[in-house]
Amino acid sequence: MTEVLFQHRFQASRAGVSEVPTLLLLHGTGGNEDDMMFLRDYFGENYNYLSPRGQVLENGMPRFFRRLREGVFDQEDLKFRTAQLREFVLNTASIYGFDKKKIVAVGYSNGANIAGSFLLSGFLEITHAVLMHPMLPFQPRPRPVLHGKKVLITAGENDPIIPVENTRALENLLKESGAETTMFWHQSGHSLTQEEVEKAASFVHALEFK
Ligand code: MLT
């Protein structure tokens, strides 16, 4: 019996579940499985949408992993939850019949951080990724091999939660690991901007899958 570890939403594309890429939507702290579904209006109907709810509660707010305080992560829990997310993706692929080789993570804030952790852990199931307002979740040793992956990072120069140099550290690490990494900065803070979501959509539309 396949175990489904996360409460989630799955919306299949009418273009055929197994044909199209699946967007793995990962919300920020205090979000849920509905939060990121608005992206469908930007990304369109030619994708499946898989949106889990983070299982950790911080003062009642769902997250994907525990933190000790703002910006300081519980590394043991991060490792455990990242592996759990991977299992979830693999299990739901079998259940819904989407292609495991066409998965694009689209994460915001805490969701971007677990997507980053997924990539840096060397788990290859995320084919490409959009990381919106991410941090470097941990320093991987050895570095993962991420050749063939495209990553878009979007971030705000005036984000009070995510230091610019921390996002740059993630960008550098992804590049050094072989991922084709594109950076988009805007001048706003931690909230998503319309322009950044539009950037994310055109990035995803241009992706190719082998
Ligand atoms: C995190 O805890 O993942 C980051 O600090 C972003 C957030 O506040 O969720």
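The values are calculated or read from the model by the stated rules, or taken from the named source; none is laboratory data. No experiment lies behind these values; they were computed from the predicted model shown. A quick note on method: Cβ atoms are made from the backbone with ideal geometry, for glycine too, and the neighbour counts reach across all protein chains shown. Only protein heavy atoms, including side chains, enter the accessible area calculation; ligands, DNA and RNA are left aside. Shrake-Rupley method; radii C 1.70, N 1.55, O 1.52, S 1.80 Å.
Leaving out ligands, DNA and RNA but keeping every protein chain, what accessible area does LEU85 have, in Å² rounded to the nearest 10, with a 1.4 Å probe?
Looks like 0 Å² after rounding.
How much of the DSSP bridge set in the chain is antiparallel, in percent, rounded to the nearest 5?
So the antiparallel bridges amount to about 25 percent of the total.
Which of PHE184, PHE65, PHE118 ends up with the largest GNM mean-square fluctuation for the chain, with Cα atoms connected below 10 Å?
PHE184
Just grab the label-to-label distance for LEU68 and GLU45, each label 7 Å out from Cα along the Cβ direction, in nm (one decimal).
Those two pseudo-labels are separated by 5.0 nm.
If you place +1 on the Cβ of every Lys and Arg, -1 on the Cβ of every Asp and Glu, and leave all else neutral, what size is the dipole of region 8-205 about its Cα centre, to the nearest 20 Debye?
Dipole magnitude for region 8-205 comes out near 600 debye.
I want to check the label-to-label distance for PHE123 and ALA15. Put each point 7 Å from Cα in the C-beta direction and report it in nm to one decimal.
2.6
Using helices alone, I'd like the mean residue ellipticity at 222 nm for the chain: each DSSP H run of four-plus residues gives -39500 (n - 2.57), total over residue count, nearest 500.
-9000 deg cm²/dmol
Please work out the average accessible area per residue across region 8-205, using the 1.4 Å probe convention, and give it in Å².
I get 43 Å² per residue for region 8-205.
Which of the trypsin sites (Lys or Arg not before Pro) found in region 4-98 are loop residues per DSSP with 16 or fewer other Cβ atoms within 10 Å of their Cβ?
ARG14, ARG66
Among the complete DSSP H segments of the chain, which ones combine at least 24 Å of alpha-carbon extent along their axis with a mean Kyte-Doolittle hydropathy of -0.5 or more?
Length and hydropathy pass: 75-96.
Pop out the carbon and sulfur fraction of the accessible area of region 1-106 as a percent, whole number, probe 1.4 Å.
The nonpolar share, carbon plus sulfur, comes to 43 percent.
Just for the Cα atoms in the chain, what are the lengths along the principal axes, largest first, rounded to whole Å?
41, 35, 33
So how far, in whole Å, is the C-alpha centre of region 134-179 from the one of region 89-132?
15
Given a cut-off of under 8 Å on Cα pairs at least six residues apart, what relative contact order in percent is computed for region 8-205?
Relative contact order for region 8-205 comes out at 18 percent.
Does anything in region 39-64 have its amide N under 20 Å from the 7 Å Cα→Cβ label point of GLN194, and if so which residues?
Within reach of a label on GLN194: 39-44.
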